[in-house]
Amino acid sequence: MVDYFEERGINASEDADTRRARLESHIMRLMADFNLFEELGMPNQLAPPASKEVVNSLVEEKIAKSNSGKCDICLKEYEIDEITKVMPCKHKFHSECIDAWLSKTNSCPLCRYELPTDDKFYEDYRKEKKRAKERDADIANLHNSMFS
Ligand SMILES: [Zn+2]
Ligand SMILES: [Zn+2]
């Protein structure tokens, strides 16, 4: 007789956390594939704060000369000796301004470049949305290669 667990591809010795993690990743995948995130209003919600670690690792730059432009968060001109932070997208803001911004949401106020977050649910969502998009592109490519 085939073992109940074996028959269903279940590893009976798997611990509860591993099983839960596996279940969660299946659910996230299904949600992405069936556009259920959209039904929950996910894309319209404010993304979670950027990861503190990432924010702390942003490169700081001291303003060395006048006419260095302005901060697009507080809209004030930079003054000499003010400390700014540079995002990976190369956009620059006052340190305090961007720190406060990134404690609310994870993207650049100018171009929406997204920093990693500490929110596991959001990160899974992002990963699955990316995968679903790539899958759609693959299907489109396959379709084009077959019918063109
Ligand atoms: Zn500012
Ligand atoms: Zn940017």
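What is the residue count in region 79-135 for residues that are β-branched (V, I, T), more than 16 Å from ligand 2 (Cβ to nearest atom) and under 30 Å from E24 (Cα atoms)?
Number satisfying all stated conditions: 1.
How many residues are closer than 16 Å to C108 by Cβ and either of a type in the set (F, W, Y) or assigned to a strand (DSSP E or B) (or both) when one looks only at region 71-90?
3
Looking at A64, A32, A12, A21, which one is without any contact (Cβ under 8 Å) to a residue 24 or more places away in the chain, of a type in the set (G, A, S) and in contact with a helix residue (DSSP H, G or I) (Cβ under 7 Å, 6 or more places away or on another chain)?
Exactly one residue qualifies, and that residue is A12.
So D72 fits all but one of (1) of a type in the set (D, E, K, R); (2) within 16 Å of ligand 2 (Cβ to nearest atom); (3) at positive phi; what number is the exception?
(3)
Check region 43-54 and report whether any residue there is in contact with a Lys or Arg (Cβ under 7 Å, 6 or more places away or on another chain) and surrounded by 12 or more Cβ atoms within 10 Å (Cβ to Cβ).
The answer is yes; a qualifying residue exists.
Just give me the residues in region 100-123 being within 16 Å of K76 (Cβ to Cβ) and surrounded by 15 or more Cβ atoms within 10 Å (Cβ to Cβ), in sequence order.
Residues satisfying the conditions are W101, P109.
Would you confirm, using the coordinates I've provided, whether S95 is within 16 Å of ligand 1 (Cβ to nearest atom), touching a residue at least 24 places away in the same chain (Cβ under 8 Å) and of a type in the set (S, T, Y)?
Answer is yes for this residue.
Of (1) in contact with a strand residue (DSSP E or B) (Cβ under 6 Å, 6 or more places away or on another chain); (2) away from ligand 1 (no atom under 16 Å from the Cβ); (3) farther than 16 Å from S107 by Cβ, S51 satisfies all except one. Which?
(3)
Scan S103, S148 and give me the residue that is at pLDDT below 90, among the polar types (S, T, N, Q) and out of contact with any Gly (no Cβ under 9 Å at 6 or more places or on another chain).
It is S148.
Any residue at all in region 44-53 that's within 15 Å of ligand 2 (Cβ to nearest atom), at pLDDT 90 or above and at negative phi?
Within region 44-53, the first condition is being within 15 Å of ligand 2 (Cβ to nearest atom), and the residues that meet it are 47, 50.
Within this subset, residues satisfying the condition of being at pLDDT 90 or above are 50.
Next cut, at negative phi only: 50.
Checked against the condition, which is being within 15 Å of ligand 2 (Cβ to nearest atom), at pLDDT 90 or above and at negative phi, region 44-53 yields at least one hit.
The values are calculated or read from the model by the stated rules, or taken from the named source; none is laboratory data. It should be emphasised that the depicted structure is a prediction, and the values quoted were computed from it without experimental measurement. Please note: Cβ atoms are built from the backbone with ideal geometry, for glycine as well, and neighbour counts cover all protein chains shown.
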